[in-house]
Amino acid sequence: MTDPIIELRRASFGYTDRAVVQAADLAVHAGEVVAVLGPNGSGKSTLVRGLLGLNDHLGGEVRLFGQPRDSFHDHARLGYVPQRHTLSASVRATVEEIVAVGRLSHHRWWRPVVRSAQDVAIIDKALDVVGLSDRADADVSTLSGGQQRRVLIARALASNPDVLLMDEPTAGVDAANQHVLQTVLARLADRGTTMVIVTHELAALAGIVTRIVVVQGGHIAFDGTPDDFAAHRDGFGHDHHHHHHDDEPAPGRTHLPGAPSAGPLDPREGARR
Ligand SMILES: Nc1ncnc2c1ncn2[C@@H]1O[C@H](COP(=O)(O)OP(=O)(O)OP(=O)(O)O)[C@@H](O)[C@H]1O
């Protein structure tokens, strides 16, 4: 078996000297799609950000692609879509320009950035995967929140990462756009993309997820297959049923078949076509 892409051994992460995630053991291998579940404040974001080096590493080991994280510098291999992040309204850039930023990590900083034919092809492909090819020249400030999250996923994809880490990619997104995002994630899973997805919406990822990790009170309380999870879920005190307000689909709404075009459920979209 090859080295895990991500490996934590008794790893603790937190903020200054407060350990939020404690003694976490986790190994993610190529091709896995891992859903990270758990109640609000349990430490899911802290875990994902911690393994990326974005908060304090307070103990244990973190290895990326078989190397200790401190000696790992090939950051383009990790794509990260942060939580509740949309693009600032003050950004004056087109969708395509934002996605092109994902290519920067493949250019030497001391050379002028000239976009190669390969860059262009990868950018086009990333836009296609998230269903935004037809909006490539649109100003990002004119896109809905859900579309902006898809731009950020495309930007992460454009760096051709070996693993994509996403923190609640469907949070704060309306039902129609959530369905589009689900389609995007399913397409990525079909292509064999390794993913770690923090979510409160496991049902939306059914059929995609190969493994479930539950974080509770800063500890990994469960790590197993979706079948094991289904068999054990009553042991988790129903915490994972705790819906995040942002992620809760609007009552009475049905998902539109035939994504990726978000369609008439999002009035903002229709107005702009
Ligand atoms: N930047 C920060 N500085 C200090 N404490 C923080 C910071 N970010 C998070 N925390 C604390 O860490 C704990 C875990 O937060 P975290 O965001 O990891 O939880 P989560 O499981 O991702 O929650 P949610 O489902 O609400 O996104 C919380 O007690 C939170 O207050």
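Each reported figure results from applying straightforward, stated rules to the coordinates on display, with no laboratory input. Bear in mind that the values here come from a model prediction, so they are computed numbers and not experimental data. Positions of Cβ are backbone-derived with ideal geometry, glycine not excepted, and every protein chain shown enters the neighbour counts.
So here's what we get for this one:
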| item | result |
| --- | --- |
| Mean Cβ count within 10 Å, highest first, over the residues of peptides 17-26, 171-180 | 171-180, 17-26 |
| Contour minus Cα-Cα distance for ALA27 and GLN83 (0.36 nm per residue) | 17.9 nm |
| Residue order, fewest to most beta carbons within 10 Å, for VAL48, VAL215 | VAL48, VAL215 |
| Gained length - VAL101 relative to LEU54, 0.36 nm times residue gap less alpha-carbon distance | 14.9 nm |
| For the stretch 1-64, the Rg and Dmax computed from alpha carbons only, in angstrom | 11.6, 36 |
| Trypsin sites (Lys or Arg not before Pro) within the stretch 110-173, DSSP loop, no more than 12 other Cβ atoms inside 10 Å | ARG115 |
